[in-house]
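These notes are about the structure you will find just below.
Just so you know, all these numbers are worked out from the coordinates, no wet-lab data involved. The model shown is predicted, which means the values in this text are computed figures rather than measured ones. Cβ sites come from the backbone with ideal geometry, for glycine too, and all protein chains shown count toward neighbours.
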Amino acid sequence: MTATWPAPLRLAPHTVRLGIGAGGLLVTGLWALSARPDDVAALLPGTLFASAARLTGLLAAYGVVVMLVLMTRIPAVEHGVGADRLARWHAWAGRYVLTLCGAHAVLALLAYATEHDVSLVAAGREFARHPALLAAAAGLVLLLFGASAALATALTLAPTPSAPAPARAPVEERDAPSGTNGPHGGAVDGDPAGDPGAAGPDRT
């Protein structure tokens with residue numbers, strides 16, 4: 001009796017997309033529970049900027065997790081979606097993560113500047129005094145540097161359209177080599193010059 005192995009699990013692309021979207025909705029729902037929309041103070045500009053900064057930061061962190069999952073070569077995901085498609089999704093996720101990180105930094109500056117009635121420059125100087133915020137800014141710079149390096153590498157390795165092959169010259173018909181019967185009744189054995197009268201001794 002031949003043993004049969006079960007087919008490997010394959011997750012369809014739309015299933016993976018639905019899972020990623022459900023995770024994003026879950027993160028947004030958790031943010032909404034902590035935003036206290038019934039509070040009057042939550043409607044103030046500074047609080048709105050702070051809440052938006054918190055949401056973009058949470059979504060950016062979730063996006064980093066998604067990028068890691070997409071490139072960890074999980075068999076069910078890789079076999080169902082395909083390595084090429086996963087690479088494209090990873091590139092798109094990287095763009096969204098960088099956008100969310102930038103929005104998070106700008107919204108956080110706006111929140112601090114609005115709450116303390118200072119300029120964005122003064123808010124940036126105040127942020128620079130906190131080591132944790134400096135580390136976060138350095139991480140964002142490293143992400144931008146890594147994305148730029150990956151983009152430059154992709155552009156370098158991108159295939160370029162090949163030039164059309166040059167037309168080959170027509171092959172001219174050549175006479176058969178000496179010692180063989182050529183196509184034009186040329187040379188025969190013992191007659192390199194191809195003279196029929198000299199093919200052998202005179203038999204008359």
Fill in the blank from the handout: Residue-ordered couplings for the range 69-80, obtained by feeding phi - 60° into the Karplus form 6.51 cos²θ - 1.76 cosθ + 1.60 and rounding to whole Hz (Gly and Pro as x), are 5, 5, 10, 8, 6, 5, x, 4, 6, 5, 6, x
Fill in the blank from the handout: Distance in nm between Arg73 and Leu11 label points, each 7 Å along Cα→Cβ, equals 1.7 nm
